[in-house]
Amino acid sequence: PGRELYAVLRGFSPNDRRFELNPRDTNDRLQSILKIAIDKDIRFYTIDSRGLYTGASLGGGTFDASTGSGAAIPQSVDFHRMSAAHENTDVLAELARETGGLFFENNNNLLKGIQRAFADGREYYVLAYVPKNASEDGTFRHIAVEVNNKKLHVDAKVGYWAPKR
């Protein structure tokens, strides 16, 4: 929270160090959520409800109807605003990617994203395998699911947590 505000302030005054945001690190919390979700086979389907990424949807400049012009905004503000917008969706994207779900973004048809999430839940295959690495070290193990037919797309979680003794 506040990252977009600081990005805009830095756009207007890029050399002023007071406008640097130092957020607390939430990566440990995210990793614990991902570990539980992957362990319990929970998929996240996340949707960025802002729609298409435009100046207006990202808190863009104002338009003055009396003069017919918009407020002058430095190019660096637009760059920082877009960068912050993408950064704010990083967690949504990671939750979906790591659990085998989908992240629906930069689209005004939110119903399409919801329909896709429900459709994915109706039709699926379950694959299982026995890992060659039998050590119980509690580490994350990456897996990849590939198909011979390149016209097909596989949405699968990217790995699992090994048991820990």
If I model a spin label as a point 7 Å beyond the Cα along the Cα-Cβ vector, how far apart are those points for residue 125 and residue 142 in nm? 2.3 nm
With labels modelled as points extended 7 Å from the Cα through the Cβ direction, what inter-label distance (nm, one decimal) is found for residue 29 paired with residue 112? 3.3 nm
Could you list which residues have their amide H under 5 Å from that of residue 159, counting only those 5 or more apart in sequence or on another chain, with H placed in the peptide plane? 143
Residue by residue, what Karplus-based ³J(HN,Hα) values in Hz, rounded to whole numbers, does segment 96-112 have, using 6.51, -1.76 and 1.60 with θ = phi - 60° and x for Gly and Pro? 5, 4, 5, 9, x, x, 10, 10, 9, 9, 6, 8, 7, 8, 5, 4, 4
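Provide the net charge surrounding residue 40, with neighbours chosen by a C-beta distance below 15 Å and charges set as Lys +1, Arg +1, Asp -1, Glu -1. Write down the numbers at each step before the final one.
Numbers: positive: 35, 43, 157; negative: 39, 41, 98.
In short, 0.
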Going by amide H atoms built from the backbone, whose H comes under 5 Å of the H on residue 47, apart from near neighbours? 104
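Sum up the charges of everything whose Cβ sits under 15 Å from the Cβ of residue 134, counting Lys and Arg as +1 and Asp and Glu as -1, but leave residue 134 out. List each step's numbers first, then the result.
Numbers: positive: 132, 141, 164, 165; negative: 136, 137.
Around residue 134, the charge tally is +2.
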In nm, what is the difference between 0.36 nm times the number of residues separating residue 17 and residue 135 and their Cα-Cα distance? 37.7 nm
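None of the figures in this text is laboratory data; all of them are computed from the coordinates on show. Computed from a predicted structure; not experimentally measured. Heads up, the Cβs are rebuilt from the backbone with ideal geometry, glycines too, and the neighbour counts pull from every protein chain shown.
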